[in-house]
Amino acid sequence: AGRMGRALEVVRDMEAHGCALNAHTFGMLISGFARCGDAPRALGVAEDMRRAGVREDAAVFNCLLHVLGSSGRMEEAMATLQRMRLAGHRPTPHTLSTLVTGFVRNGALEQGLRLMEELRAEGCPVTAAVFNAAMHGLVLQGQMERAAGLLEDMAQTGVAPDRRSFTTLVDGYARSGDLEGAFECFRRMQAGGLEADAAAYGALLKACCKAGRMQTAQAVLEQMQAAGVAPSLHAMNTLVDGWARRGDMWEAAQLVQRMRGAGPAPDVRTYTSLIIACGRAGDMQRAVEAFEEMQQSGVAPNVQSYTALLQGWAWASYPEKALQAYQEMRAHGLQPD
RNA sequence: AGCAUGCUAG
């Protein structure tokens, strides 16, 4: 994020020394801004590029599609796809997965799926990533049958599913509370010779937590470590939150202690889940301790953590304490959403 | 490869 300014300096330096900027260079800048969520500047760089008389290549077009899709501008994205074709570039798998994801994020999954079929029919190469984007969209809609159908489709068309394909589906089963389905899918991934990474384990942990099977979740954590996969912050947060939702403040606190000792270091989400756990257990004393521990370890509270504290107090029938938490939040310049 | 797809809190 903070490095984009430096990147721009380097590019200005290049220009000053008479280096011609090419599509490659502009592409790096555009995707850099895109990743910071700075669409206006990403598009600004694209404009500079055109003014400099540099032609967009396929990767630059794909970056533009990403920027447009991330800012809800799918009509412009489709117009850009047309421009891309007119410039003589066939859509690539990056193009397609980017557009499908754009449609998914903008609540137009079916349009994305239609586009995928159209481009497939015209011979656009389709990779696992394209299917993954589509499966993710279906998973978000709870359409597991169709998502699983796409996995079959991959097999039939000779596209090998990758780890993300399976992780996406495991997450889908997790969301639908289907622990059996999640495990079966996870094992299918392993049977296919794909090694689970932290995200794959994370999705499986989510399935356990969602199903309320916390002992199973702990066992999965141990399997993950035995397999040499370092528990990610993501995965640990899933577990802490799983205990929190069960109202088991003690187990949640235990995990957080372990994280403080052996890592990964707890972050604001970890502590927020712990605060919720304490609140649900009716122990506001511990909730406040958790909140203070967070601050003492240099983790800045955000709106979510204050809200968790506030709700705990409200739930415990201490409106004046809730109000105090609210005022403290405002004093820190945070606005409730 | 300068570009795309998966798991976490109120």
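Just so you know, all these numbers are worked out from the coordinates, no wet-lab data involved. Note that the coordinates shown come from a computational prediction; the quantities given were computed from them, not determined experimentally. Cβ: placed from backbone, ideal geometry, glycine included. Neighbour counts: every protein chain shown.
Each Cα pair under 8 Å and six or more residues apart adds its sequence gap; the mean of these over the residue count of chain A is a relative contact order of 7 percent. Beyond 39 Å, what share of the Cα-Cα pairs of chain A remains, rounded to the nearest whole percent? So the pairs more than 39 Å apart make up 29 percent of the total in chain A. Here the extension length gained between A:Q156 and A:E15 equals 45.7 nm, from 0.36 nm per residue of separation less the Cα-Cα distance. With each label modelled as a point 7 angstrom along the Cα→C-beta vector, the A:Q143-A:A7 pair spans 3.4 nm. In this simple spin-label approximation, A:A52 and A:Q225 carry label points 7 Å from Cα along the Cα→Cβ vector, and these lie 5.1 nm apart.
With both labels modelled 7 Å from their Cα along Cα-to-Cβ, the A:A79 to A:Q296 distance reads 5.8 nm. Along its three principal directions, the equivalent ellipsoid of region A:1-146 from the Cα gyration tensor extends over semi-axes of 30, 17, 12 Å, largest first.
Spherically averaged projected area of the convex hull of Cα atoms, region A:1-42: 2.7 nm².
With r defined as the distance between the Cβ atoms of A:E110 and A:E184 and R0 fixed at 25 Å, what FRET efficiency is calculated, to the nearest 0.05? Step by step, r from the Cβ atoms, then E = 0.35. Site-free segments of chain A were taken between GluC sites (Glu not before Pro) in DSSP loops having at most 11 other Cβ atoms within 10 Å, sites themselves excluded; the longest one is A:196-337. The length gained on full extension between A:E117 and A:W250, counted as 0.36 nm times the residue separation minus their Cα-Cα distance, comes to 42.8 nm. Centre-to-centre separation between the Cα atoms of region A:133-191 and those of region A:37-55: 37 Å. Secondary-structure-derived ellipticity at 222 nm for chain A, considering helices only, amounts to -23500 deg cm²/dmol, per-run term -39500 (n - 2.57) for DSSP H runs with n ≥ 4.
Looking at region A:277-337, none of the trypsin sites (Lys or Arg not before Pro) sits in a DSSP loop with at most 15 other Cβ atoms within 10 Å of its own Cβ.
Debye-formula intensities of region A:186-332, expressed as log10 I(q)/I(0) at q = 0.11, 0.12, 0.21 Å⁻¹, are -0.44, -0.51, -1.21 (one equal scatterer per alpha-carbon, no solvent).
Spherically averaged projected area of the convex hull of Cα atoms, region A:88-145: 3.9 nm².
Compared with the alpha-carbon gap, the fully stretched path from A:E320 to A:A87 is longer by 77.4 nm at 0.36 nm per residue. Summary value for region A:2-142: 17 percent relative contact order, contacts being C-alpha pairs under 8 angstrom separated by 6+ residues. Within the listed set A:R73, A:R85, A:R51, the residue fluctuating most in the Gaussian network model of chain A (springs between alpha-carbon atoms under 10 angstrom) is A:R51. Computed over every Cα-Cα pair of region A:183-236 and binned at 10 Å starting from 0, the pair-distance distribution P(r) comes out as 26, 60, 14 percent.
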